[in-house]
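Engineer: Here it is: the structure, laid out below.
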Amino acid sequence: MRLIRTAGALVAALVMAGGLAAPVAAAPLQIEWVDDSQAGQVPQQLVVDPATGDALALAGAYSGSEVLRRLDADTGAVEWTVPVPGMTHFAADPSTGQVVLVGSRDAGQFLTFVSADGSVVGPLATTVTAKVMRLAVDAGTGQVCTLGQERRRSATPNAWVTACWTSAGQPVFADTWQPPAGSTVPNALAIDPSSHRVYTAGTSRPKAGRHKKQETLVLIAHDASGAQRWKRVQRGVFAPGWFDMAVDPQRGRIHLVNQPSLIQSPMELYSFDARGTLRFTRSWEDLGSVYTTDVGVTPEGDVLVVGGGAATATLRAYAPSGRVRSKAVVRIARDRRENYLQEIAIDPRRGLAHLLAGGGDTPIRVASFTFRGKKRSDVVVDRRHAIFGEIAVDPAVGRVYTSVALVDDPAQRITALSR
């Protein structure tokens, strides 16, 4: 087992704290190594271990036969493979070096911990019965938190459940929020590693109302012990809404991007401070339709937003004040009918957006752009008839990982690209 890279961990910490300036340029990406495995017929989920840069791949999610692998960042060698049946969400904990996994069963949520050497503890049963929607780990303390949805068959609306445990699996708190009426969907979770606050967000829609295409954004802040600090409600969100969240620990800001699911609906950016005050909101419609979004924060506090469409993507950068620094629309596929994938990974330190596109009869490639729309690299990672894929980036060194899966074929490929 490789030791934790102290230099890389220091770089990641400085980036998180806002102590590094973003380089002006980045070299083109090139394929560093490729791993082919018989991992199952659903795409592998990818997570980067911020302490080592290793790739963590979860294969077989929702199949009941899930398997977790750790791949060495520099060589692609498989360091270990462990079965983790029933686990569907996972995250790396840089404070302990372990991997945390969670899954939902009829009896409720279960936790599994995998140490740096591949030893497994769990699954540990919890008292939380809500279906898991999101998982996050506090990078400073190792506290594990989930956001779940408790579905109700009665007239009472669905509820959100925010629950946290220590890095050893001991319960810390579980808090339920019940909307006053109508439907609700929790879909974003983040932890501020500086204040250790837990932020959850989602949408709520009343049963009756004149504006059926609008929902309400709900953002809730808990402290590390579970006390609810505040709850903010922002009306007029385009429906159906689905949020990506990024926390700026240096400035205590929470940024939310709404992914519009309806054709020709604008993307929306909401920025709140640590007191829950809305600092600014922005909306725009650069594409006819948006299939996936992502949001990141640079060390200087700029907000980077990406929206992927059928053949193009929109890239926008905003200052902490909400002023537009740059905006661009870039082409990621020759034709919308040739692009099955619209996956995004943002590298905030280098100011780059990496877009995974292609699939079917079209080679799958990673196209990298600055947020002013300048292409930095364009690399084919798979020429097979693949249709599923994921992408992730190590913010410390800029290495990019992709996972590509075939249809009805267990053959899957992980590719590492570096500068």
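The values are calculated or read from the model by the stated rules, or taken from the named source; none is laboratory data. All values derive from a computational prediction rather than experimental measurement. Cβ placement follows ideal geometry from the backbone for every residue including glycine, while neighbour counts extend to all protein chains displayed. Side chains are part of the model used for accessible areas, which takes the heavy atoms of the whole protein and leaves out ligands, DNA and RNA. Shrake-Rupley method; radii C 1.70, N 1.55, O 1.52, S 1.80 Å.
Engineer: Yes or no: VAL366 open to solvent by less than 30 Å² (accessible area, probe 1.4 Å), part of a strand (DSSP E or B) and not polar (S, T, N, Q)?
Structural biologist: Details: open to solvent by less than 30 Å² (accessible area, probe 1.4 Å): yes; part of a strand (DSSP E or B): yes; not polar (S, T, N, Q): yes.
It is true that VAL366 is open to solvent by less than 30 Å² (accessible area, probe 1.4 Å), part of a strand (DSSP E or B) and not polar (S, T, N, Q).
Engineer: Let me ask another. Of all residues in the stretch 47-67 being open to solvent by 20 Å² or more (accessible area, probe 1.4 Å) and in contact with a Ser or Thr (Cβ under 8 Å, 6 or more places away or on another chain), which is nearest to PRO395 (Cα to Cα)?
Structural biologist: Only one residue tops the list, namely VAL67.
Engineer: Would you mention how many residues in the stretch 254-282 are in a strand (DSSP E or B) and within 24 Å of ARG336 (Cα to Cα)? Give the steps one after another, and end with the answer.
Structural biologist: Start the filter on the stretch 254-282 by keeping residues that are in a strand (DSSP E or B), which leaves 254-258, 267-272, 278-282.
Next, only the ones that are within 24 Å of ARG336 (Cα to Cα) stay: 257-258, 267-268.
Total satisfying the criteria: 4.
Engineer: Quickly run through the stretch 313-356 and pick out the residues that are touching a helix residue (DSSP H, G or I) at 6+ places or on another chain (Cβ under 8 Å) and of a type in the set (D, E, K, R).
Structural biologist: Correct list: ARG349 only.
Engineer: Something else: Just to verify a result, which residue in the stretch 369-398, among those that are open to solvent by 30 Å² or more (accessible area, probe 1.4 Å) and not in a strand (DSSP E or B), is farthest from ASP335 (Cα to Cα)?
Structural biologist: In this case the residue turns out to be VAL397.
Engineer: Counting just the residues of the stretch 232-291 that are polar (S, T, N, Q) and open to solvent by less than 10 Å² (accessible area, probe 1.4 Å), which one comes out farthest from ALA345 (Cα to Cα)? Spell out how you get there, then give the answer.
Structural biologist: The first filter runs over the stretch 232-291 and keeps only residues polar (S, T, N, Q), leaving 234, 250, 258-259, 261, 264-265, 271, 277, 281, 283, 289.
In the following step, the residues that additionally are open to solvent by less than 10 Å² (accessible area, probe 1.4 Å) were identified as 258, 271.
Numbers: ASN258: 17, SER271: 21 Å.
Taking the candidates together, the pick is SER271.
Engineer: Additional query: State all residues of the stretch 312-363 that are basic (Lys, Arg) and either surrounded by fewer than 20 Cβ atoms within 10 Å (Cβ to Cβ) or in a loop (DSSP other than H, G, I, E, B) (or both); if no residue qualifies, say none. Full working, then the answer.
Structural biologist: Taking the stretch 312-363 first, the residues basic (Lys, Arg) are 316, 323, 325, 327, 331, 334, 336-337, 349-350.
Matches in the stretch 312-363: ARG323, ARG325, LYS327, ARG331, ARG334, ARG336, ARG337, ARG349, ARG350.
Engineer: Here's another thing I want to ask about it. Considering the stretch 399-412 alone, what residues qualify as being touching a Leu at 6+ places or on another chain (Cβ under 9 Å) and either of a type in the set (Val, Ile, Thr) or open to solvent by 10 Å² or more (accessible area, probe 1.4 Å) (or both)?
Structural biologist: ARG399, VAL400, THR402, VAL404
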